[in-house]
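Colleague: Dropping the structure in here first, questions after.
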Amino acid sequence: MTKDAETRKDDLRTGDSFWLHTPRITPPAGPMPARSGWDAVVVGAGISGALVAEALSRAGRKVLVLDRRRAVRGSTPASTAMIQHEIDVPLSRLIRQTGRARAEGAWLRSVKAVGDLVALTRRLKIDCEMQPKRALYFAGDDMGGRGLKTEAEARHAAGIACEYLSRAALRERFGIDRTAAIVSDASASANPAQLAAGMLAAAVARGAVIAEGVEVTDMAELPGGVALATRDGCVVTASHAVFCTGYEFLPSMESPSHEITSTWALASRPRVAHPAWLDQFLVWEASDPYLYFRTTPQGRLIVGGEVED
């Protein structure tokens, strides 16, 4: 194990995220504490690391969270925080790829996960603009009207509530001219920085520790756990390590099964004109690349899309 291994580093964000100008986005943190005796070290203090730290601390584990930046200052502030139960691969297509049982299981777990997250946020009293939302998924160049009808039928068969809208119904209800759409429940939206900071604060209240400015440069498995080397020459040991570093990772974390891509997100000024129904919906399209958008309680329009290498 060497202390100078190269960690992938990227410019995770360009521009200035307005989430960073909202309150309650800085959880309690400090310098590196004890270097041993941890049940789990969570590397990365963004939304993924925050969810893992909260879950482990709730289970009574002794948790250390490390980040080379300040907590909640990586890619999380660039999120549109559209918390969708709909995963990128439509259920009807996933059934063909993996079989009905596995595909339906993945979609049903996603539906449950959104409900669990909304309930957990309320239980922890995290003030992060968490709002249950419906989803409007309309036809595009990747799936047209017939494809969406098949998709709606697959969701009904799996026990996932949704409504298929014809072109005429879509135009009448939403003023959008596409060949068809699906309306469904079980989605949500939030302020991602406040959500991550709230989850981290809940973990700290249970005894977890967040250490900022600590860069993990290498790792090694031990007979009884794992050792992590840091840029300043320290070695941290724990029973387990969970890497939640998103776009940045150690060379040992590289895998041919994943790739790094980029996307964009924009936020309008507050109180931009928009149809009243949009405040209750997340909207996206069956296109490649696809566009997605929602509003915030302040009347901002949040828009994102176009994943590319």
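Colleague: Which of the following residues is open to solvent by less than 50 Å² (accessible area, probe 1.4 Å) and of a type in the set (A, V, I, L, M, F, W, C): L51, L66?
Modeller: Just one listed residue meets the conditions, L66.
Colleague: Say whether the condition of being in a strand (DSSP E or B) and either farther than 26 Å from V226 by Cα or not aromatic (F, W, Y) (or both) is met by at least one residue in region 83-101. Reasoning before the result, please.
Modeller: The first filter runs over region 83-101 and keeps only residues in a strand (DSSP E or B), leaving 83.
The next check asks that each one be either farther than 26 Å from V226 by Cα or not aromatic (F, W, Y) (or both); those that pass are 83.
Yes, that holds for at least one residue.
Colleague: Which residues, taken from region 20-65, are of a type outside the set (A, V, I, L, M, F, W, C) and not in a loop (DSSP other than H, G, I, E, B)?
Modeller: Within region 20-65, H21, G30, D39, S48, G49, E54, S57, R58 qualify.
Colleague: Let me ask another. How about region 286-308: which of its residues are closer than 19 Å to D142 by Cα, open to solvent by less than 50 Å² (accessible area, probe 1.4 Å) and within 19 Å of the chain's Cα centre (by Cα)?
Modeller: Y292, F293, G304, G305
Colleague: Hey, another quick one. Going through D177, D185 one at a time, which residue ends up being under 20 Å from the mean Cα position of the chain (by Cα) and open to solvent by 20 Å² or more (accessible area, probe 1.4 Å)?
Modeller: Values: D177 fails: under 20 Å from the mean Cα position of the chain (by Cα).
The conditions single out D185.
Colleague: Which of the numbered conditions does V118 fail, given that it passes all the others? Conditions: (1) within 18 Å of R294 (Cβ to Cβ); (2) not in a helix (DSSP H, G or I).
Modeller: The one condition V118 does not meet is (2).
This table checks each residue for (1) in contact with a Ser or Thr (Cβ under 8 Å, 6 or more places away or on another chain); (2) small (G, A, S).
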residue	(1), (2)
R167	yes, no
R173	no, no
A181	no, yes
M199	no, no
A203	yes, yes
V209	no, no
V214	yes, no
D218	yes, no
E221	no, no
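Colleague: Something else about it: Sort out which residues of region 155-168 are aliphatic (A, V, I, L, M) and surrounded by fewer than 22 Cβ atoms within 10 Å (Cβ to Cβ), and write them in order of number.
Modeller: We begin by selecting, within region 155-168, every residue aliphatic (A, V, I, L, M); these are 157-158, 160-161, 165, 168.
Answer for region 155-168, where residues must be aliphatic (A, V, I, L, M) and surrounded by fewer than 22 Cβ atoms within 10 Å (Cβ to Cβ): A157, A158, I160, A161, A168.
Colleague: Pull up region 103-142, narrow it to residues that are of a type in the set (K, R) and in contact with a helix residue (DSSP H, G or I) (Cβ under 8 Å, 6 or more places away or on another chain), then point me to the one that is most open to solvent (accessible area, probe 1.4 Å).
Modeller: R134
Colleague: Out of region 249-301, which residues are under 23 Å from F174 (Cβ atoms) and among the hydroxyl-bearing types (S, T, Y)?
Modeller: Passing the criteria: S268, S287, Y290, Y292, T295, T296.
Colleague: Hey, does region 201-210 have a residue that's part of a helix (DSSP H, G or I), under 22 Å from A50 (Cα atoms) and open to solvent by less than 10 Å² (accessible area, probe 1.4 Å)?
Modeller: yes
Colleague: Quick one: would you say G305 is free of Cβ contacts under 8 Å to residues at least 60 places away in the same chain and either β-branched (V, I, T) or touching a His at 6+ places or on another chain (Cβ under 8 Å) (or both)? Reasoning before the result, please.
Modeller: Numbers: free of Cβ contacts under 8 Å to residues at least 60 places away in the same chain: yes; either β-branched (V, I, T) or touching a His at 6+ places or on another chain (Cβ under 8 Å) (or both): no.
It is false that G305 is free of Cβ contacts under 8 Å to residues at least 60 places away in the same chain and either β-branched (V, I, T) or touching a His at 6+ places or on another chain (Cβ under 8 Å) (or both).
Residues are listed down the side, and each one gets a yes or a no for (1) part of a strand (DSSP E or B); (2) at positive phi; (3) hydroxyl-bearing (S, T, Y):
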residue	(1), (2), (3)
V272	no, no, no
L278	no, no, no
V283	yes, no, no
R294	yes, no, no
G299	no, yes, no
G304	yes, no, no
V307	yes, no, no
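Colleague: Within region 228-241, work out how many residues are in a strand (DSSP E or B), within 14 Å of T217 (Cα to Cα) and open to solvent by less than 50 Å² (accessible area, probe 1.4 Å). I'd like the intermediate steps shown before the answer.
Modeller: Going through region 228-241, the residues in a strand (DSSP E or B) turn out to be 228-230, 235-241.
From the residues that got through so far, the ones that are within 14 Å of T217 (Cα to Cα) too are 228-230, 235-237, 241.
Narrowing the set further to residues that are open to solvent by less than 50 Å² (accessible area, probe 1.4 Å) leaves 228-230, 236-237, 241.
Residues that pass the stated criteria total 6.
Colleague: Name the residues in region 254-285 that are surrounded by 14 or more Cβ atoms within 10 Å (Cβ to Cβ) and over 22 Å from A78 (Cα atoms), would you?
Modeller: Across region 254-285, the qualifying residue is only H274.
The values are calculated or read from the model by the stated rules, or taken from the named source; none is laboratory data. Nothing here was measured: the structure is a model prediction, and the numbers come from that model. Note that we place each Cβ from the backbone using ideal geometry, even for glycine, and neighbour counts take in every protein chain shown. Calculation scope for accessible area: heavy atoms of the full protein, side chains included, ligands and nucleic acids excluded. Shrake-Rupley method; radii C 1.70, N 1.55, O 1.52, S 1.80 Å.
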